[in-house]
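Single-structure report; data block below.
The values are calculated or read from the model by the stated rules, or taken from the named source; none is laboratory data. Only a predicted model underlies this, so the values are computations on that prediction, with no experimental measurement involved. As a convention, Cβ positions derive from the backbone with ideal geometry for all residues, glycine included, and neighbour counts pool all protein chains shown. Heads up: the accessible areas ignore ligands, DNA and RNA and are worked out on the full protein's heavy atoms, side chains in. Shrake-Rupley method; radii C 1.70, N 1.55, O 1.52, S 1.80 Å.
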Amino acid sequence: MEVGIEGLSIAFPEVYLDLAELAVARGVAPGKYLDGIGTRRMAVALPEEDTVTFAARAAREVLERTGTAPDQIGLLAVGTETAVDHSKPVASFVQGLVGIGPRCRVFETKHACYGGTAALQLSLDWIRSGNARGKKALVVCADIARYGIGTPGEPTQGAGAVALLLSDRPELLAIEAGTAGIAAVDVHDFWRPLYSKDAMVDGHYSVQCYLDAVSGAYQHHKELVNAPPGLYSDHFAALAYHVPYGKMAKKAHRQLRSLDGDVDPDASFERLVAAGLMMPAEIGNIYTGSLYLALASLLENTKAPLAGRPIGLFSYGSGSCAEFYTGVVGPKAQQWVRDLGLPARLAARRSLSIAEYEEIMRAREDLDRRPVGGAPGRDFSFLGVDGHRRTYRGPAQA
Ligand code: CAA
(Lines give C-alpha, C1' and ligand atoms only; values in the text may rest on other atoms or scores of the structure.)
Protein backbone atom coordinates (compact mmCIF):
# COMPACT_ATOMS: atom_id res chain seq x y z
CA MET A 1 0.00 0.00 0.00
CA GLU A 2 1.32 3.46 -0.91
CA VAL A 3 0.95 6.00 1.87
CA GLY A 4 2.08 9.56 2.32
CA ILE A 5 1.00 13.17 2.04
CA GLU A 6 -2.39 13.77 0.45
CA GLY A 7 -2.60 17.48 1.25
CA LEU A 8 -0.49 20.25 2.79
CA SER A 9 -1.21 23.79 3.93
CA ILE A 10 0.73 26.50 5.66
CA ALA A 11 -0.17 29.27 8.11
CA PHE A 12 2.08 32.16 9.08
CA PRO A 13 1.71 35.61 10.66
CA GLU A 14 0.68 38.69 8.72
CA VAL A 15 3.71 40.60 9.94
CA TYR A 16 7.44 40.10 9.59
CA LEU A 17 10.72 41.72 10.54
CA ASP A 18 13.19 42.70 7.84
CA LEU A 19 16.56 41.23 8.79
CA ALA A 20 18.56 43.98 7.10
CA GLU A 21 16.84 46.42 9.50
CA LEU A 22 17.46 44.12 12.46
CA ALA A 23 21.15 43.92 11.53
CA VAL A 24 21.46 47.71 11.50
CA ALA A 25 19.68 47.91 14.87
CA ARG A 26 22.08 45.35 16.34
CA GLY A 27 25.18 46.99 14.84
CA VAL A 28 25.85 43.99 12.61
CA ALA A 29 26.73 44.09 8.88
CA PRO A 30 23.48 43.20 7.02
CA GLY A 31 25.45 40.68 4.94
CA LYS A 32 25.85 38.54 8.03
CA TYR A 33 22.10 37.94 8.35
CA LEU A 34 21.19 38.03 4.65
CA ASP A 35 24.08 35.90 3.33
CA GLY A 36 25.89 34.51 6.37
CA ILE A 37 22.65 33.25 7.97
CA GLY A 38 20.63 33.21 4.75
CA THR A 39 17.33 34.71 5.92
CA ARG A 40 15.74 37.91 4.57
CA ARG A 41 12.63 38.22 6.70
CA MET A 42 11.33 36.47 9.76
CA ALA A 43 7.70 36.00 10.69
CA VAL A 44 6.64 37.44 14.06
CA ALA A 45 3.58 36.16 15.95
CA LEU A 46 1.11 38.83 17.08
CA PRO A 47 -0.25 38.75 20.66
CA GLU A 48 -3.50 37.08 19.56
CA GLU A 49 -1.57 34.34 17.75
CA ASP A 50 0.14 31.28 19.18
CA THR A 51 0.98 27.68 18.31
CA VAL A 52 -2.71 26.75 18.59
CA THR A 53 -4.00 29.45 16.24
CA PHE A 54 -1.38 28.70 13.59
CA ALA A 55 -2.05 24.95 13.85
CA ALA A 56 -5.83 25.41 13.66
CA ARG A 57 -5.57 27.72 10.67
CA ALA A 58 -3.34 25.30 8.73
CA ALA A 59 -5.46 22.29 9.77
CA ARG A 60 -8.72 23.84 8.68
CA GLU A 61 -7.27 24.82 5.33
CA VAL A 62 -5.93 21.35 4.52
CA LEU A 63 -9.27 19.76 5.40
CA GLU A 64 -11.13 22.23 3.19
CA ARG A 65 -8.73 21.92 0.26
CA THR A 66 -8.86 18.11 0.28
CA GLY A 67 -12.61 18.00 0.90
CA THR A 68 -12.00 15.94 4.05
CA ALA A 69 -14.83 15.87 6.59
CA PRO A 70 -13.59 16.16 10.19
CA ASP A 71 -14.97 12.70 11.03
CA GLN A 72 -12.62 11.13 8.47
CA ILE A 73 -9.70 12.00 10.75
CA GLY A 74 -8.78 9.08 13.01
CA LEU A 75 -5.54 10.51 14.35
CA LEU A 76 -4.70 14.14 15.07
CA ALA A 77 -1.18 14.88 16.25
CA VAL A 78 0.53 18.23 16.70
CA GLY A 79 4.32 18.21 16.74
CA THR A 80 5.61 21.25 18.59
CA GLU A 81 8.44 22.64 20.66
CA THR A 82 6.29 25.56 21.81
CA ALA A 83 3.28 23.97 23.45
CA VAL A 84 0.87 26.21 25.38
CA ASP A 85 0.23 23.96 28.38
CA HIS A 86 2.24 21.40 30.35
CA SER A 87 -0.58 18.86 30.14
CA LYS A 88 -3.32 19.67 27.67
CA PRO A 89 -1.99 19.12 24.15
CA VAL A 90 -2.16 21.74 21.42
CA ALA A 91 -3.92 19.03 19.41
CA SER A 92 -6.94 19.11 21.76
CA PHE A 93 -7.37 22.84 21.24
CA VAL A 94 -7.11 22.25 17.49
CA GLN A 95 -9.64 19.43 17.69
CA GLY A 96 -12.15 21.78 19.30
CA LEU A 97 -11.48 24.71 16.99
CA VAL A 98 -11.62 22.65 13.80
CA GLY A 99 -14.48 20.40 14.94
CA ILE A 100 -12.89 16.96 14.82
CA GLY A 101 -15.08 14.32 16.46
CA PRO A 102 -14.46 12.03 19.44
CA ARG A 103 -13.41 8.86 17.57
CA CYS A 104 -9.92 10.11 16.98
CA ARG A 105 -6.56 9.73 18.74
CA VAL A 106 -5.52 13.25 19.75
CA PHE A 107 -2.07 14.02 21.13
CA GLU A 108 1.07 16.12 20.96
CA THR A 109 4.58 14.99 20.09
CA LYS A 110 7.78 16.61 21.30
CA HIS A 111 11.36 16.30 20.26
CA ALA A 112 12.48 19.87 19.44
CA CYS A 113 12.22 20.30 15.64
CA TYR A 114 11.85 16.53 15.06
CA GLY A 115 8.44 16.22 16.79
CA GLY A 116 6.47 16.66 13.56
CA THR A 117 8.45 14.03 11.68
CA ALA A 118 8.04 11.61 14.59
CA ALA A 119 4.26 12.06 14.36
CA LEU A 120 4.31 11.75 10.58
CA GLN A 121 6.25 8.48 10.54
CA LEU A 122 4.18 6.86 13.29
CA SER A 123 0.98 7.97 11.57
CA LEU A 124 2.10 6.45 8.28
CA ASP A 125 2.82 3.16 10.04
CA TRP A 126 -0.67 3.34 11.61
CA ILE A 127 -2.17 3.65 8.12
CA ARG A 128 0.05 0.87 6.70
CA SER A 129 -0.91 -1.44 9.58
CA GLY A 130 -4.57 -1.39 8.59
CA ASN A 131 -5.62 -0.04 11.99
CA ALA A 132 -6.70 3.23 10.39
CA ARG A 133 -9.58 1.35 8.71
CA GLY A 134 -9.85 3.92 5.93
CA LYS A 135 -9.41 6.95 8.18
CA LYS A 136 -6.75 9.58 7.65
CA ALA A 137 -4.17 11.19 9.91
CA LEU A 138 -3.81 14.93 10.37
CA VAL A 139 -0.32 15.90 11.53
CA VAL A 140 0.33 19.56 12.22
CA CYS A 141 3.81 20.97 12.81
CA ALA A 142 3.41 24.30 14.60
CA ASP A 143 5.87 26.54 16.43
CA ILE A 144 7.03 29.98 17.40
CA ALA A 145 10.85 30.00 17.44
CA ARG A 146 11.96 32.30 20.22
CA TYR A 147 15.41 33.46 21.27
CA GLY A 148 16.14 36.57 23.30
CA ILE A 149 16.63 40.10 21.99
CA GLY A 150 20.28 40.63 21.06
CA THR A 151 21.26 36.95 21.25
CA PRO A 152 23.06 35.21 18.35
CA GLY A 153 19.88 33.20 17.76
CA GLU A 154 17.71 36.32 17.37
CA PRO A 155 17.92 36.42 13.54
CA THR A 156 16.88 32.74 13.40
CA GLN A 157 13.38 33.15 14.85
CA GLY A 158 10.09 32.63 12.99
CA ALA A 159 6.51 31.45 13.45
CA GLY A 160 3.98 29.33 11.64
CA ALA A 161 2.51 25.90 11.01
CA VAL A 162 2.38 23.26 8.31
CA ALA A 163 -0.57 20.85 8.26
CA LEU A 164 -0.13 17.49 6.55
CA LEU A 165 -3.03 15.25 5.66
CA LEU A 166 -1.70 11.68 5.53
CA SER A 167 -3.50 8.81 3.87
CA ASP A 168 -3.34 5.95 1.38
CA ARG A 169 -3.89 8.53 -1.39
CA PRO A 170 -0.46 10.20 -1.37
CA GLU A 171 -1.10 12.67 -4.17
CA LEU A 172 1.67 15.00 -3.04
CA LEU A 173 4.35 12.63 -1.75
CA ALA A 174 4.40 8.81 -1.44
CA ILE A 175 6.75 8.07 1.45
CA GLU A 176 8.92 4.99 1.25
CA ALA A 177 8.64 2.47 4.09
CA GLY A 178 11.52 0.76 5.85
CA THR A 179 14.42 2.82 4.53
CA ALA A 180 14.50 5.85 6.84
CA GLY A 181 17.98 6.32 8.24
CA ILE A 182 17.98 7.33 11.91
CA ALA A 183 20.57 9.04 14.11
CA ALA A 184 19.75 9.81 17.75
CA VAL A 185 22.25 11.01 20.39
CA ASP A 186 21.74 12.47 23.87
CA VAL A 187 23.24 15.98 23.53
CA HIS A 188 22.59 19.43 24.99
CA ASP A 189 22.85 21.53 21.85
CA PHE A 190 19.54 23.39 22.04
CA TRP A 191 16.96 23.16 24.83
CA ARG A 192 14.35 25.16 26.72
CA PRO A 193 14.10 24.83 30.50
CA LEU A 194 10.58 24.68 31.92
CA TYR A 195 10.98 28.18 33.34
CA SER A 196 11.95 29.82 30.05
CA LYS A 197 9.99 30.99 27.03
CA ASP A 198 13.20 31.52 25.08
CA ALA A 199 15.25 28.67 23.69
CA MET A 200 18.78 28.21 24.99
CA VAL A 201 21.37 27.07 22.56
CA ASP A 202 25.05 26.28 22.35
CA GLY A 203 25.00 27.74 18.83
CA HIS A 204 28.16 26.49 17.15
CA TYR A 205 27.92 23.14 18.92
CA SER A 206 24.32 22.81 17.65
CA VAL A 207 25.59 23.28 14.10
CA GLN A 208 28.12 20.48 14.63
CA CYS A 209 25.45 18.21 16.18
CA TYR A 210 23.20 18.82 13.17
CA LEU A 211 26.06 17.95 10.77
CA ASP A 212 26.94 14.79 12.71
CA ALA A 213 23.28 13.82 12.49
CA VAL A 214 23.31 14.30 8.70
CA SER A 215 26.22 11.86 8.53
CA GLY A 216 24.60 9.32 10.85
CA ALA A 217 21.14 9.34 9.27
CA TYR A 218 22.29 9.48 5.66
CA GLN A 219 24.82 6.69 6.17
CA HIS A 220 22.14 4.54 7.81
CA HIS A 221 19.77 5.18 4.89
CA LYS A 222 22.45 4.24 2.38
CA GLU A 223 23.04 0.96 4.20
CA LEU A 224 19.31 0.19 4.23
CA VAL A 225 18.97 0.70 0.47
CA ASN A 226 22.35 -0.86 -0.41
CA ALA A 227 23.31 2.37 -2.12
CA PRO A 228 25.83 1.91 -4.91
CA PRO A 229 29.20 3.62 -4.46
CA GLY A 230 29.56 7.13 -5.90
CA LEU A 231 27.23 10.11 -5.97
CA TYR A 232 24.17 8.29 -4.68
CA SER A 233 22.38 11.57 -3.91
CA ASP A 234 22.25 12.34 -7.66
CA HIS A 235 19.49 9.73 -7.66
CA PHE A 236 17.23 12.42 -6.09
CA ALA A 237 15.53 15.19 -8.03
CA ALA A 238 15.81 17.41 -4.95
CA LEU A 239 16.76 17.33 -1.27
CA ALA A 240 14.86 19.09 1.51
CA TYR A 241 16.64 19.73 4.82
CA HIS A 242 15.48 21.05 8.17
CA VAL A 243 16.12 24.80 7.80
CA PRO A 244 16.82 26.66 11.04
CA TYR A 245 18.38 29.16 8.62
CA GLY A 246 19.39 28.79 4.99
CA LYS A 247 23.14 28.56 5.55
CA MET A 248 22.63 25.54 7.80
CA ALA A 249 20.96 23.66 4.94
CA LYS A 250 23.86 24.61 2.71
CA LYS A 251 26.32 23.20 5.25
CA ALA A 252 24.16 20.06 5.56
CA HIS A 253 24.23 19.53 1.83
CA ARG A 254 27.99 19.97 1.75
CA GLN A 255 28.26 17.29 4.45
CA LEU A 256 25.94 14.89 2.66
CA ARG A 257 27.69 15.25 -0.68
CA SER A 258 31.09 14.82 0.96
CA LEU A 259 29.83 11.50 2.34
CA ASP A 260 29.08 10.52 -1.25
CA GLY A 261 32.71 11.32 -2.05
CA ASP A 262 31.91 14.50 -4.00
CA VAL A 263 35.11 16.54 -4.37
CA ASP A 264 33.05 19.69 -5.19
CA PRO A 265 30.17 19.28 -2.74
CA ASP A 266 28.69 22.78 -3.25
CA ALA A 267 28.37 22.37 -7.02
CA SER A 268 25.00 20.58 -6.75
CA PHE A 269 23.51 23.03 -4.23
CA GLU A 270 21.58 25.16 -6.75
CA ARG A 271 20.27 22.10 -8.58
CA LEU A 272 19.20 20.04 -5.58
CA VAL A 273 18.57 22.39 -2.65
CA ALA A 274 18.20 26.11 -3.44
CA ALA A 275 14.51 26.02 -4.48
CA GLY A 276 13.66 24.68 -1.03
CA LEU A 277 15.22 27.62 0.77
CA MET A 278 13.23 30.45 -0.78
CA MET A 279 10.23 30.32 1.54
CA PRO A 280 12.25 29.60 4.69
CA ALA A 281 14.22 32.79 3.84
CA GLU A 282 10.91 34.70 4.03
CA ILE A 283 9.53 33.13 7.22
CA GLY A 284 12.51 32.01 9.28
CA ASN A 285 12.70 28.96 11.50
CA ILE A 286 9.39 27.30 12.34
CA TYR A 287 11.09 24.41 14.14
CA THR A 288 8.89 21.30 13.55
CA GLY A 289 7.44 22.75 10.35
CA SER A 290 10.64 23.99 8.81
CA LEU A 291 11.44 20.82 6.83
CA TYR A 292 7.89 20.82 5.46
CA LEU A 293 8.11 24.51 4.60
CA ALA A 294 11.25 23.60 2.64
CA LEU A 295 9.31 20.82 0.92
CA ALA A 296 6.56 23.28 -0.07
CA SER A 297 9.18 25.75 -1.24
CA LEU A 298 10.90 23.21 -3.48
CA LEU A 299 7.57 22.13 -4.98
CA GLU A 300 6.63 25.77 -5.57
CA ASN A 301 9.96 26.93 -6.97
CA THR A 302 11.23 23.98 -9.01
CA LYS A 303 10.37 24.78 -12.61
CA ALA A 304 10.97 21.26 -13.99
CA PRO A 305 8.21 18.67 -13.50
CA LEU A 306 8.89 16.58 -10.40
CA ALA A 307 5.99 14.09 -10.64
CA GLY A 308 7.21 10.53 -10.29
CA ARG A 309 10.69 11.59 -9.18
CA PRO A 310 12.30 10.68 -5.82
CA ILE A 311 13.31 13.30 -3.27
CA GLY A 312 15.21 13.01 0.02
CA LEU A 313 14.16 14.67 3.27
CA PHE A 314 16.30 15.30 6.34
CA SER A 315 14.65 16.07 9.66
CA TYR A 316 16.69 17.18 12.71
CA GLY A 317 15.58 17.81 16.27
CA SER A 318 18.10 18.99 18.82
CA GLY A 319 18.63 16.83 21.79
CA SER A 320 18.81 14.92 19.37
CA CYS A 321 17.02 12.73 16.84
CA ALA A 322 17.37 12.91 13.09
CA GLU A 323 16.04 11.04 10.14
CA PHE A 324 16.76 10.87 6.41
CA TYR A 325 13.81 9.49 4.49
CA THR A 326 12.62 9.47 0.92
CA GLY A 327 9.46 9.88 -1.10
CA VAL A 328 8.22 10.02 -4.66
CA VAL A 329 6.56 13.25 -5.75
CA GLY A 330 2.89 12.79 -6.63
CA PRO A 331 1.15 13.98 -9.77
CA LYS A 332 -0.64 16.89 -8.08
CA ALA A 333 2.16 18.13 -5.85
CA GLN A 334 3.52 21.15 -7.70
CA GLN A 335 0.12 22.47 -8.76
CA TRP A 336 -1.21 21.86 -5.26
CA VAL A 337 1.40 24.08 -3.67
CA ARG A 338 1.04 26.76 -6.36
CA ASP A 339 -2.71 26.84 -5.69
CA LEU A 340 -1.97 27.80 -2.08
CA GLY A 341 -0.91 31.23 -3.40
CA LEU A 342 2.01 31.46 -0.99
CA PRO A 343 4.09 34.08 -2.85
CA ALA A 344 1.10 36.46 -2.92
CA ARG A 345 0.35 35.77 0.74
CA LEU A 346 3.97 36.44 1.66
CA ALA A 347 3.99 39.65 -0.38
CA ALA A 348 0.81 40.88 1.36
CA ARG A 349 2.41 40.86 4.82
CA ARG A 350 3.21 44.03 6.73
CA SER A 351 6.71 44.94 7.84
CA LEU A 352 7.16 45.65 11.55
CA SER A 353 9.40 48.45 12.76
CA ILE A 354 12.15 47.46 15.19
CA ALA A 355 10.22 49.27 17.96
CA GLU A 356 7.02 47.32 17.21
CA TYR A 357 8.94 44.02 17.14
CA GLU A 358 10.69 44.71 20.44
CA GLU A 359 7.38 45.71 22.02
CA ILE A 360 5.89 42.34 20.96
CA MET A 361 8.96 40.53 22.31
CA ARG A 362 8.71 42.27 25.69
CA ALA A 363 4.94 41.80 25.98
CA ARG A 364 5.08 38.05 25.39
CA GLU A 365 6.41 37.35 28.89
CA ASP A 366 2.99 38.23 30.30
CA LEU A 367 0.91 36.85 27.45
CA ASP A 368 0.21 33.50 29.09
CA ARG A 369 -1.47 35.32 31.98
CA ARG A 370 -3.27 37.94 29.92
CA PRO A 371 -6.92 38.19 30.98
CA VAL A 372 -9.54 37.69 28.30
CA GLY A 373 -10.21 40.93 26.51
CA GLY A 374 -9.37 43.03 23.53
CA ALA A 375 -10.56 42.64 20.00
CA PRO A 376 -10.09 39.19 18.50
CA GLY A 377 -8.09 39.08 15.28
CA ARG A 378 -9.09 37.25 12.14
CA ASP A 379 -10.21 33.57 11.92
CA PHE A 380 -8.55 31.88 14.95
CA SER A 381 -7.53 34.06 17.90
CA PHE A 382 -6.07 33.57 21.35
CA LEU A 383 -8.33 35.70 23.56
CA GLY A 384 -6.52 35.35 26.88
CA VAL A 385 -6.75 33.27 30.04
CA ASP A 386 -9.98 32.77 31.94
CA GLY A 387 -9.70 30.94 35.29
CA HIS A 388 -6.34 29.45 34.19
CA ARG A 389 -7.97 28.22 30.99
CA ARG A 390 -6.64 29.43 27.66
CA THR A 391 -9.48 30.76 25.58
CA TYR A 392 -9.68 30.88 21.83
CA ARG A 393 -12.10 32.01 19.23
CA GLY A 394 -12.49 30.37 15.85
CA PRO A 395 -14.87 30.93 12.98
CA ALA A 396 -17.34 28.47 14.54
CA GLN A 397 -17.55 30.56 17.72
CA ALA A 398 -17.52 33.96 15.96
N1 CAA B 1 28.71 38.98 5.23
C2 CAA B 1 28.48 37.68 4.91
N3 CAA B 1 28.61 36.66 5.79
C4 CAA B 1 28.99 36.98 7.05
C5 CAA B 1 29.27 38.30 7.44
C6 CAA B 1 29.12 39.33 6.47
N7 CAA B 1 29.31 40.62 6.76
N8 CAA B 1 29.63 38.28 8.74
C9 CAA B 1 29.58 36.99 9.16
N10 CAA B 1 29.20 36.20 8.14
C11 CAA B 1 28.99 34.75 8.12
C12 CAA B 1 30.01 33.95 8.92
O13 CAA B 1 31.19 33.75 8.19
C14 CAA B 1 29.22 32.69 9.18
O15 CAA B 1 29.22 31.89 8.02
P16 CAA B 1 29.74 30.36 8.12
O17 CAA B 1 28.83 29.66 9.09
O18 CAA B 1 29.64 29.86 6.74
O19 CAA B 1 31.15 30.44 8.65
C20 CAA B 1 27.79 33.18 9.34
O21 CAA B 1 27.77 34.51 8.80
C22 CAA B 1 27.32 33.25 10.79
O23 CAA B 1 28.30 33.92 11.52
P24 CAA B 1 28.68 33.45 13.00
O25 CAA B 1 28.89 31.97 13.04
O26 CAA B 1 29.77 34.32 13.50
O27 CAA B 1 27.31 33.83 13.71
P28 CAA B 1 26.91 33.75 15.23
O29 CAA B 1 27.94 33.01 16.01
O30 CAA B 1 26.56 35.11 15.68
O31 CAA B 1 25.57 32.92 15.20
C32 CAA B 1 24.50 30.78 15.09
C33 CAA B 1 25.33 31.81 14.34
C34 CAA B 1 25.37 30.10 16.13
C35 CAA B 1 23.97 29.74 14.11
C36 CAA B 1 23.30 31.49 15.78
O37 CAA B 1 22.50 32.14 14.83
C38 CAA B 1 22.45 30.58 16.62
O39 CAA B 1 22.77 30.25 17.75
N40 CAA B 1 21.27 30.12 16.06
C41 CAA B 1 20.35 29.25 16.74
C42 CAA B 1 20.81 27.81 16.76
C43 CAA B 1 20.65 27.10 15.44
O44 CAA B 1 19.87 27.47 14.59
N45 CAA B 1 21.41 26.00 15.25
C46 CAA B 1 21.32 25.23 14.05
C47 CAA B 1 21.54 23.77 14.30
S48 CAA B 1 20.43 23.18 15.58
C49 CAA B 1 18.91 23.02 14.77
O50 CAA B 1 18.83 23.00 13.57
C51 CAA B 1 17.68 22.93 15.60
C52 CAA B 1 16.95 24.22 15.51
O53 CAA B 1 16.08 24.40 14.63
C54 CAA B 1 17.28 25.26 16.46
Checked region 329-359 for anything within 16 Å of MET42 (Cα to Cα), surrounded by 18 or more Cβ atoms within 10 Å (Cβ to Cβ) and of a type outside the set (Ser, Thr, Tyr); matches are LEU342, LEU352
Residue hits (region 304-318; more than 16 Å from the ligand (Cβ to nearest atom) and under 23 Å from the mean Cα position of the chain (by Cα)) are LEU306, ALA307, ARG309, PRO310, ILE311, GLY312
From the option list SER206, SER233, single residue qualifying as of a type in the set (Ser, Thr, Tyr), more than 9 Å from the ligand (Cβ to nearest atom), surrounded by 17 or more Cβ atoms within 10 Å (Cβ to Cβ) and in contact (Cβ under 8 Å) with a residue 40 or more places away in the chain is SER233
Residue in region 161-169 that is closer than 24 Å to TYR16 by Cα, free of Cβ contacts under 8 Å to residues at least 40 places away in the same chain and of a type in the set (A, V, I, L, M) present:
no
Taking region 256-284 and keeping residues within 12 Å of the ligand (Cβ to nearest atom) and assigned to a helix (DSSP H, G or I) leaves PRO280
| said: Going by what's in this entry, would LEU122 be described as away from the ligand (no atom under 15 Å from the Cβ), crowded, with 17+ Cβ neighbours inside 10 Å and either within 19 Å of the chain's Cα centre (by Cα) or modelled with pLDDT under 95 (or both)? | reply: no
Within region 156-184, residues being more than 17 Å from the chain's Cα centre (by Cα) and within 13 Å of the ligand (Cβ to nearest atom) number 0
Every listed condition ((1) assigned by TED's automatic domain parsing to the domain that holds ALA281; (2) under 26 Å from MET278 (Cβ atoms)) holds for ALA227 save (2)
Counting only residues in region 360-392 that are open to solvent by 60 Å² or more (accessible area, probe 1.4 Å) and under 15 Å from LYS197 (Cβ atoms), the one modelled with the highest pLDDT is identified as ARG362
If we keep only residues of region 285-303 that are in contact (Cβ under 8 Å) with a residue 60 or more places away in the chain and not in a helix (DSSP H, G or I), then the residue farthest from the ligand (Cβ to nearest atom) is THR302
